[in-house]
Each structure stands twice: as structure tokens, then as C-alpha cells.
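Novice: Pasting a structure here, questions to come.
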Amino acid sequence: MSDQKLVASKLHAADVGRTAAVGLRSRKTRAFLSAVGIAIGIAAMVAVLGLSESSKSELLATLDRLGTNLIAVQAGEGIGRGSGELPDTAAPMISRIGPVEQTAAVASVDANVYRTDLMPEDRTNGLSVQAVDITLLDALAGTVADGRWFDEASASFPTVVLGSVAAERLGIDEAGGDVWLGDEWVTVIGILDEFELSPDLDRAALIGFGAAEQYFDSDGVPSTVYVRADPEYTDEVMGVLAATANPINPEEVEVSRPTDALEAREAADDTLTALFLGLGAVALFVGGVGIANVMVISVLERRAEIGLRRAIGATKRHIAVQFLGEALLLSILGGVVGVGLGYLITAIWSSYREWDVLVSQLAVFGGLGAALIIGSLAGLYPAVRASRMSPTEALRTG
Amino acid sequence: MSASRTVLRLEDVVKVYDSTPPVRAVDGISFTVEEGELLGVVGPSGSGKSTLLHVMGTLDRASSGLVEVVGYDVSKLSDRKLSSLRSRHIGFVFQQFHLLSGYTALDNVADGLLYTGLPLDERRFHAAVALDRVGMGHRLDHLATKLSGGERQRVAVARAIIGSPEIVLADEPTGNLDTATGDSVMALLRELVDMGTTVIVITHDREIADGLPRTIAIRDGKIERETVAAGAAI
Ligand SMILES: Nc1ncnc2c1ncn2[C@@H]1O[C@H](COP(=O)(O)OP(=O)(O)OP(=O)(O)O)[C@@H](O)[C@H]1O
Ligand SMILES: [Mg+2]
């Protein structure tokens, strides 16, 4: 008899959001607790990504400052690997390579350094004595903590500049005093800051080549030559250094780039980052399970509401969308809090380490995206369950 | 053809629950309801009244027989179509009110139109009008949980009529109310009937049943007797 067309039930997206918001607001504590897991997981991931990015940018700044064009040419030591000394001709030959801008030789001196002449011979404190070119400080981008570095004159007199660790172990904190070096009192003219590129030299007392030959019987044969190359040709220079330094036995020469060690350390940090990311993912997963759990309980408790909504015209899909909406809202709330928290952790830690704070958009949107995905996965089962509930069954229990 | 329109037609309707053992909660019931009628359904507990109401309200499907609501043979409609039918043509009132606790009276009533696609401000406007009609115009912003039982049932009635449905189905609407409050809710339903709405009321209350123009008594899922009050217009 009636030919009128039925107007389909519909539910606007804004109403889904409103309904979900009211649903959560009427159960605040539970909503808060179930969002905590997601928040922690996202915070961990954002913080880990942020910290690793901040430390990477710190590394880039450091590399920029130190320059990646420093090359260390070292004599191999051990059976079949060399005598521990480069040929006499190594340094002059290397400086003849076109793109080499600077060389600085280091030769070990057969002497020890002590605080006073009364110290027993064997109390060396693990310190060495090294003869160095006056170009060394510049080549290694080192800095002076106290006193001064060698000049042409002081390099041929019995004067010494102490590496940072050497100064500390000798108990000397300012330039001007004397130390007992070999069989002489030698004046400390300077104390250095740490070398970022050559920690070995921190544990050395440094003297000029002239002084080494004149007062300490050194033959001046270098064990290491530091080379600054034209940054454009660093790789090419590295390729020819071994044969240039020791044309007869190039295999006894070790050529390395000190900044590679810094990068390797960063690569090790990457493994740690991956581990923490994994832990964050686990927290996120547990958070998702928490939300699913809470939503399942919620569906059971709100049978009457489901029945009523079906009675006033909701389709199964509308019911599913409502519960999915609540799960999504929960996880987005958790995600937003988590991103904020992760940012805060990064900011605090970075300012403590004096890094620039760097949280990439990838971390932020990745975090929110992950929350969204977790939310929809967690909400799916309860939503489907709610929508499958028979309306009469649901109303009877109210 | 009569001038009045048949809004509900049941022919040999059977509803069997597939439980163990199966229950024939509705067992071959036939009757028709015309537009603007007030029909009472009475019967002892477990006789199948609520089941019948659910079948008439398309919340549940009959196992066999014809159920025709405002001209639609509901067995031919999909689940989604039935939802549409309920959202526009049928209003429900329940013994337990079934108001949403986090919502105000106004939003509870406005939700009666939630699935019609009307925008929120229009839903709220109609809700205010409906609440006024049931004498609750002064309680729009009260949370549902803060209302008395009688007030809650008035809000529920407002929600049932907000979309001007042809049929209002009420399952023991006075069951949780004292006599005076129950009477005022019944008076409200009578007003709806006067405005042309068809109302079917399930009740336990003898006095209420006796005051209705037409009642159907059921027992064990079957019509036991039908009473038409003297002088009542059919
Ligand atoms: N889902 C179900 N599965 C099995 N049996 C059911 C189901 N729902 C109701 N019944 C049975 O169907 C019969 C009719 O139930 P119904 O709720 O319709 O009775 P009623 O007349 O509304 O009773 P009351 O006055 O107590 O509300 C009862 O025997 C009941 O146990
Ligand atoms: Mg009942």
C-alpha cells in the first residue's frame, strides 16, 4: 500500500566524534588509564627517535668542526706487520702529494715523565713521551687549556706540553712548573684540552723534534704522520698514502681516518636506538591490548545503550563506527600526550647534553599514525562485537 | 475502503526462540491496528508480550507469518532498511527508560533524530519542542541521571515522538513508576493518540488496561481474548 521510499539512516562524522567524546567523558578514569599505555609507547618512540636525531646532528656538527679530511698514517707493529716506525722519508714524501695541505709527524721518545726526580722508575702512570711537529695542534684541531703551544724556538729547547690526561695524572693543573723527563727537569709551557681525534696523545708529554734529538737521543723517526688533505680529494689521498709513506713495504702502513671512529660509535648507538624503538613498540602493543580490553568490557556494559540506539534507527555499521570511534579517540589522545611527552624528554635530555633539540616531523606524525593504527586495530573486534549484538537481547538486559 | 489507514498488520505471526528447548513465544497471532488507535496488550509474565512488541517494532524478525508496518512487509526489508524504518516511523518507550547517562535531557531527546541525518541544531530545536510537549521544557539541561523516574519517562516519551513517528510502542511504560506518575504518563500517551499517533501499550496494570479503548489479552503466545470498550470508536 505505501509506495513511499524509505530514507536511509545516516550518521554524520561530526556526530561520531561527539558521541565518542561523550562516551569517554562519562568514563573518565577508565579512559585515562587505558590511554596511558599508548602514551608511554609513543613517548618512548618519539623520545628515542628525537634523541638519536639530536645526537646525530651533534655528530655532524662535531665532524664539521673537526673536519673529515684528517688522515692518520701509522707504522704497523708486530710480526709481518712492521717495526712500529715509518721510513725516514715518509713525512717529506707525503707532503709532496698534491692535495695534501698539512702534515704533522709524531715519534715516540724512549723516555718517561715523572712529577719529581724522586719517583721510582716504574711509576710511569702509563704515560709516554712523544716528539711532535709544531703543526700537530692545528692538524688535530686541538686546543690549549693553559699556557701555550710550541713555537719554533721552544720546540728545540727542553720544554714540554702535557696532554690532558698526562697533566691530570702528574697532578699538574697549570703551566709554569717543571717535570722530571728522562734525566732532566723540563719546564711545562702548556697543558692541552682533550684531543677528540687522537685520545692517545692525551696520555703523552709532548716535546719538539729539535729538543727530542738534542736532549733525549731520539732518532726522530716518526711512528705516525697526521695528514690534512684537500677535503675534495681525501679518499684519493688515502688511496696513495701507504705506498708513498713506505714504497717498499706498503702493507706495513696503516692508513685510517680518525673521524671514522666517531661515526662508528654513532652506528653503535643506532643499535641501541633500534632496541629502544622495539621496546616502545612493545609498550604500544600492550597499550593497544589495553584499549581492546577496555572496549570489550565497555561493549558488555553498554548493551542497553546499543539496543536503544538500534531502536532509534542505528544500523549495525553505525554501532560499529561508534565503538571504533571511541577506541580511535582514546588512542589519539594517548598519541598526542605521548608525542608531547616524548618531545619533552628529548628537550630535557638534549639541553642537559647541550644539543640542539631535534624532533622530526617523521617522529611526530609517525607517532600519531602508529597510535591511529593501534587504535583501529584495538577497536575493531569490540566494534564488530557490539554491532553483531541482537537489539532485543541488548534491550532485555538493561 | 475505510478512510482510516492500517498502520500495522499481523497475520499468523509466529516467533520461535531457538533455545533448548525451543520456545514459541508468539504462536500464531493476527490483528490489525488503524491509524490513531490506542491499543493495550495485556497478559501474564512470560506470555510473549515483549517478544510481540519487538516483532512489531522490527527489532526482531518473526519466524513465520506476515508483519506489515506502515505498508512495508518487513520480511522483504534488509537490516539496514529496517533501521531506516525505525528511525522515521516507529518510536519506542521502555520500562527502564534507557536514557543515556552522560547526556542532558535535551540531548537524550535530540538523539532520537541522530540517525536521520538532521544537523545537530535542528535536532536540538525539535528536542526542545518535544520536551515542551511532554511538560519537561524546564529541565532541558538537566543530566538524565539527575531526573526523577516520572521525569525520565517523560523524556523517553519525548525521544520516542521527536521524529513524529506513525507508531509508538511502549513496553510497560508505567512499570517503574508510582500510580500517580504512571497515570500522568498514560495521559501523555493519550494526548499523542489525540494528535493522530498510533500507540500500542503493554501493561500489567488492570486499571490502566480497563481504561483503554481496545485491549488484546495474550497467554502462551496466543490471543486469549480481545476487548473493545463500549462506545470506543473503532
Ligand atoms: N532470547 C530468548 N531465548 C529463549 N527464550 C526467550 C528469549 N526471550 C524470551 N524468551 C522466552 O519467551 C517467552 C516470552 O517472553 P517475553 O519477554 O516476551 O514475555 P513477557 O510477556 O514480556 O513477560 P514479562 O511480563 O515478564 O515482561 C518467555 O517464556 C521467555 O522465557
Ligand atoms: Mg516483557
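The values are calculated or read from the model by the stated rules, or taken from the named source; none is laboratory data. Keep in mind that what you see is a predicted model, and the values were worked out from it rather than measured. Don't worry about glycine lacking a Cβ; one is built from the backbone with ideal geometry, like all the others, and counts go over all protein chains shown. To get the accessible areas, we keep the full protein, side chains included, count just its heavy atoms, and leave off ligands, DNA and RNA. Shrake-Rupley method; radii C 1.70, N 1.55, O 1.52, S 1.80 Å.
Novice: Within segment A:73-90, is there a residue that is in contact (Cβ under 8 Å) with a residue 40 or more places away in the chain, among the aliphatic types (A, V, I, L, M) and surrounded by fewer than 19 Cβ atoms within 10 Å (Cβ to Cβ)? Spell out the reasoning first.
Specialist: Step one: filter segment A:73-90 for residues in contact (Cβ under 8 Å) with a residue 40 or more places away in the chain, giving A:73-76, A:81-88, A:90.
Filter once more, so that each one left must be among the aliphatic types (A, V, I, L, M): A:73, A:75, A:86, A:90.
Narrowing further to those that are surrounded by fewer than 19 Cβ atoms within 10 Å (Cβ to Cβ): none.
Looking through segment A:73-90, none of the residues is in contact (Cβ under 8 Å) with a residue 40 or more places away in the chain, among the aliphatic types (A, V, I, L, M) and surrounded by fewer than 19 Cβ atoms within 10 Å (Cβ to Cβ).
Novice: Taking the condition of being more than 10 Å from ligand 2 (Cβ to nearest atom) and of a type in the set (Val, Ile, Thr), how many residues in segment B:47-66 meet it? Show your work before the answer.
Specialist: Within segment B:47-66, the first condition is being more than 10 Å from ligand 2 (Cβ to nearest atom), and the residues that meet it are B:55-66.
Next, from what is left, pick out any that are of a type in the set (Val, Ile, Thr): B:55, B:58.
Here the count works out to 2.
Novice: Follow-up. For segment B:1-46, which residues satisfy the criterion of being within 14 Å of another protein chain (Cβ to nearest Cβ) and either within 15 Å of ligand 2 (Cβ to nearest atom) or touching a helix residue (DSSP H, G or I) at 6+ places or on another chain (Cβ under 8 Å) (or both)?
Specialist: B:8, B:15, B:17, B:23, B:25, B:26, B:45, B:46
Novice: I'm checking my understanding of the structure. Among residues of segment B:105-162 that are within 12 Å of another protein chain (Cβ to nearest Cβ) and not in a helix (DSSP H, G or I), which one is surrounded by the most Cβ atoms within 10 Å (Cβ to Cβ)?
Specialist: B:115
Novice: Here's a follow-up. Could you check residue A:369 against (1) more than 24 Å from residue B:111 (Cβ to Cβ); (2) in contact (Cβ under 8 Å) with a residue 12 or more places away in the chain and say which number it fails?
Specialist: (2)
Novice: Out of curiosity, is residue A:305 within 14 Å of chain B (Cβ to nearest Cβ), modelled with pLDDT of 90 or more, within 27 Å of residue A:363 (Cα to Cα) and open to solvent by less than 50 Å² (accessible area, probe 1.4 Å)?
Specialist: On the way: within 14 Å of chain B (Cβ to nearest Cβ): yes; modelled with pLDDT of 90 or more: yes; within 27 Å of residue A:363 (Cα to Cα): no; open to solvent by less than 50 Å² (accessible area, probe 1.4 Å): yes.
No.
Novice: Continuing with the same structure: So, of the residues in segment A:349-398 that are open to solvent by less than 40 Å² (accessible area, probe 1.4 Å), in a helix (DSSP H, G or I) and within 16 Å of ligand 1 (Cβ to nearest atom), which turns out to be farthest from the other protein chains (Cβ to nearest Cβ)?
Specialist: A:394
Novice: A further question on this structure: Look at segment A:382-393 and say how many of its residues are at pLDDT below 95 and either among the hydroxyl-bearing types (Ser, Thr, Tyr) or in contact with a strand residue (DSSP E or B) (Cβ under 7 Å, 6 or more places away or on another chain) (or both).
Specialist: Count: 2.
Novice: Can you pull out the residues in segment A:17-40 that are more than 10 Å from chain B (Cβ to nearest Cβ) and among the hydrophobic types (A, V, I, L, M, F, W, C)?
Specialist: Just the residues of segment A:17-40 that are more than 10 Å from chain B (Cβ to nearest Cβ), to begin with: A:17, A:20, A:28-40.
Answer for segment A:17-40, where residues must be more than 10 Å from chain B (Cβ to nearest Cβ) and among the hydrophobic types (A, V, I, L, M, F, W, C): A:20, A:31, A:32, A:33, A:35, A:36, A:38, A:39, A:40.
Novice: Inside segment B:1-37, can you point out the residues that are part of a loop (DSSP other than H, G, I, E, B), over 15 Å from residue B:200 (Cβ atoms) and of a type outside the set (A, V, I, L, M, F, W, C)?
Specialist: Of all residues in segment B:1-37, those part of a loop (DSSP other than H, G, I, E, B) come to B:1-5, B:18-22, B:35-37.
From what's left, over 15 Å from residue B:200 (Cβ atoms): B:1-5, B:18-22.
Those that are part of a loop (DSSP other than H, G, I, E, B), over 15 Å from residue B:200 (Cβ atoms) and of a type outside the set (A, V, I, L, M, F, W, C): B:2, B:4, B:5, B:18, B:19, B:20, B:21, B:22.
Novice: Go through (1) within 21 Å of residue A:132 (Cα to Cα); (2) surrounded by fewer than 20 Cβ atoms within 10 Å (Cβ to Cβ) one by one and return the number of the condition residue A:16 breaks.
Specialist: Unmet condition: (1).
Novice: While we're looking at this one, here's another question. Test of understanding: among B:93, B:109, which residue is touching a residue at least 24 places away in the same chain (Cβ under 8 Å) and away from ligand 2 (no atom under 16 Å from the Cβ)? Don't jump to the end; show me each part of the working.
Specialist: Numbers: B:93 fails: away from ligand 2 (no atom under 16 Å from the Cβ).
Unique residue meeting the criteria: B:109.
Novice: Restricting to segment A:133-179, name every residue that is among the β-branched types (Val, Ile, Thr) and over 33 Å from the mean Cα position of the chain (by Cα). Step through it out loud before you land on a result.
Specialist: First, pick out the residues of segment A:133-179 that are among the β-branched types (Val, Ile, Thr): A:134-135, A:143-144, A:159-161, A:165, A:172, A:179.
Selection gives A:134, A:159, A:160, A:172, A:179.
Novice: Now, a different point. If we keep just the residues of segment B:47-65 that are open to solvent by 40 Å² or more (accessible area, probe 1.4 Å) and more than 13 Å from chain A (Cβ to nearest Cβ), which is nearest to residue A:315 (Cα to Cα)? Spell out the reasoning first.
Specialist: Step one: list which residues in segment B:47-65 are open to solvent by 40 Å² or more (accessible area, probe 1.4 Å), which gives B:61, B:63-65.
Checking which are more than 13 Å from chain A (Cβ to nearest Cβ) leaves us with B:63-65.
Numbers: B:63: 21, B:64: 23, B:65: 24 Å.
Among those residues, the one meeting the criterion is B:63.
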